[in-house]
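Colleague: Quick one: structure below, then a few questions.
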Amino acid sequence: MKLEILSLLPGIPLTILLITAVIVLLWQLLKQEGMALLFACVGIMLAALMVYAPAVRELGRTDYFHNDGYSALFGVAVLLGLLLTILLNHGQYAKQGLKLSGDMLAILLLGTCGGLSLFLAKDYITFYLSLEILALSSYILTAAARESRLATEAAIKYFVIGAFGSGFILLGIVFMYGASGSLQMYGALEMSNPFALLGLGLMLFGFAFKVGLVPFHFWLPDVYQGAPTGMVAFLSGVAKIAFFFSFARFFMNYYVEGMKMAFYAVSAVAVLSMTLGNILALRQERLKRLLAYSSIAHGGYMMLGYLVAGQGLGFVGMMFYGLSYLLMTILSFGLVLLMGEEGEDGDLISKWQNIGKRCPRRALVMTIALLSLAGIPPFLGFMAKYNILFALINMGQLWLLAIAILNSVIALYYYLKVIVVMYFGDEEYKGEVSSFQLLPSIAIGALTVLIVVSGIMPQWLYNLCLTTIKQ
């Protein structure tokens with residue numbers, strides 16, 4: 001009985017998030033929105049503490065859940081992303097005629113619960129249910145602006161495409177089960193088995209739908225454009241990282257044999273995602289669409305991480321890139337949200353005309369976010385790309401290296417386009433610039449410091465990823 005109880009320890013953070021969601025809803029019924037926000041933040045921090053607590057990881061080793069450094073690191077990452085998203089939305093969400101109410105907080109908590117359990121899952125049933133909890137929460141958050149036609153359209157499109165992705169993943173699971181005769185995800189399985197090969201291919205297919213990789217990317221810009229900006233920070237950061245890196249662990253289990261067969265398919269997806277994402281971003285006049293296509297391109301870079309993950313420290317480089325992307329994308333979408341006026345956000349690039357003269361600190365933070373996304377030193381994005389490119393050199397894939405560098409040059413153009421508008425625009429935008437409230441200012445400051453300091457001194461984050469792999 002004692003061993004059975006200890007085996008449930010990894011589920012404590014999930015229980016904390018569920019209880020927190022219920023408490024938040026109760027405070028909402030009592031019209032105490034401040035208490036709902038306070039309890040949500042406390043619950044998230046407590047769950048993060050339990051995820052990373054060494055005692056819980058040591059005592060809770062079980063056949064039911066992963067309870068290692070990898071699940072702990074990315075578990076804390078998605079919880080940190082959730083906390084930052086909530087802080088950014090506080091007081092700013094109302095600008096779009098919405099309210100960060102208890103029900104929205106509860107859905108965010110439940111969605112993150114699904115994302116967290118993705119990293120814990122050891123069997124296909126838990127994995128698929130966790131995937132759907134996160135996906136369903138994402139659809140609801142996309143449609144949070146119920147009076148908006150764009151939000152409704154985006155949610156329907158997201159739901160339909162997400163259903164296709166889920167269907168392919170489920171079909172892949174069926175074939176994997178047929179090949180192994182077990183629901184365990186990480187058992188021994190020969191990839192020479194045609195059912196196993198077909199199952200892995202179908203799961204990769206569904207995964208590409210879920211995260212918006214080319215050629216299944218067409219829904220992503222429309223969803224990011226239509227969804228409330230505050231929720232896009234969650235979708236592009238927390239949800240995307242949860243999908244990418246929970247699947248990465250599963251894929252790496254079959255890396256040696258599977259990559260021999262899938263190398264050129266994965267390479268094609270990575271190259272097309274980088275190239276098409278960057279080229280389409282060049283023509284965008286709205287920041288949310290620009291950042292959406294940028295997200296597709298960054299997905300291509302993370303797919304390069306899949307290719308190099310089996311080569312020496314390549315997996316560490318992929319983890320480093322994912323954590324860096326989480327911070328950069330939440331900061332960039334957060335700034336778009338905070339730039340808004342009553343009834344709208346700072347989506348139009350024209351709203352950023354000469355913001356460097358009116359609000360130099362805001363322009364500086366946006367410049368840091370964009371240059372980091374572009375991979376310019378001394379910011380965190382540079383080290384993220386450097387680790388991936390260095391692993392490509394060690395792997396001998398110089399053609400992929402050349403394409404990745406060329407795409408980085410293309411991306412630099414559209415990031416610099418926004419920066420030029422901020423400092424050297426032809427005319428000044430006449431609308432008022434809203435001031436930051438305390439909690440969003442704390443989130444923006446923390447993200448900026450992390451991106452700058454980790455770019456100058458990246459060794460602490462790299463060592464954290466390396467230690468995680470060794471565990």
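The values are calculated or read from the model by the stated rules, or taken from the named source; none is laboratory data. Source: prediction; values computed, not measured. Cβ coordinates were reconstructed from backbone atoms using ideal geometry, including for glycine residues, and neighbour counts include every protein chain displayed.
Colleague: Could you tell me whether any residue of segment 157-179 is at pLDDT below 85 and either in contact with an Asp or Glu (Cβ under 9 Å, 6 or more places away or on another chain) or not in a helix (DSSP H, G or I) (or both)?
Modeller: Yes, segment 157-179 has at least one match.
Colleague: It is to be established whether one or more residues within segment 132-146 are over 20 Å from the mean Cα position of the chain (by Cα) and surrounded by 15 or more Cβ atoms within 10 Å (Cβ to Cβ).
Modeller: For segment 132-146, residues over 20 Å from the mean Cα position of the chain (by Cα) and surrounded by 15 or more Cβ atoms within 10 Å (Cβ to Cβ): present.
Colleague: Check off (1) modelled with pLDDT of 90 or more; (2) surrounded by fewer than 24 Cβ atoms within 10 Å (Cβ to Cβ) for VAL238 and give me the number that stays unchecked.
Modeller: Checking VAL238 against (1) modelled with pLDDT of 90 or more; (2) surrounded by fewer than 24 Cβ atoms within 10 Å (Cβ to Cβ), the one that fails is (2).
Colleague: May I pose another question? Kindly indicate whether ALA145 is touching a residue at least 12 places away in the same chain (Cβ under 8 Å) and outside any helix (DSSP H, G or I). Step through it out loud before you land on a result.
Modeller: Numbers: touching a residue at least 12 places away in the same chain (Cβ under 8 Å): yes; outside any helix (DSSP H, G or I): yes.
Judged against the criteria, ALA145 is a match.
Colleague: Among the helices (runs of 4 or more DSSP H) lying completely within segment 314-388, list those that include at least 1 residues that are under 23 Å from the mean Cα position of the chain (by Cα) and surrounded by 19 or more Cβ atoms within 10 Å (Cβ to Cβ).
Modeller: 314-338, 360-374
Colleague: If I filter segment 174-181 for residues that are on the phi < 0 side of the Ramachandran plot and either surrounded by 21 or more Cβ atoms within 10 Å (Cβ to Cβ) or among the acidic types (Asp, Glu) (or both), do I get at least one hit?
Modeller: Yes, segment 174-181 has at least one match.
Colleague: Looking at (1) over 18 Å from the mean Cα position of the chain (by Cα); (2) modelled with pLDDT of 90 or more; (3) of a type outside the set (Ser, Thr, Tyr); (4) not in a helix (DSSP H, G or I), which one does LEU213 not meet, given that it meets all the others?
Modeller: The failed condition is (1).
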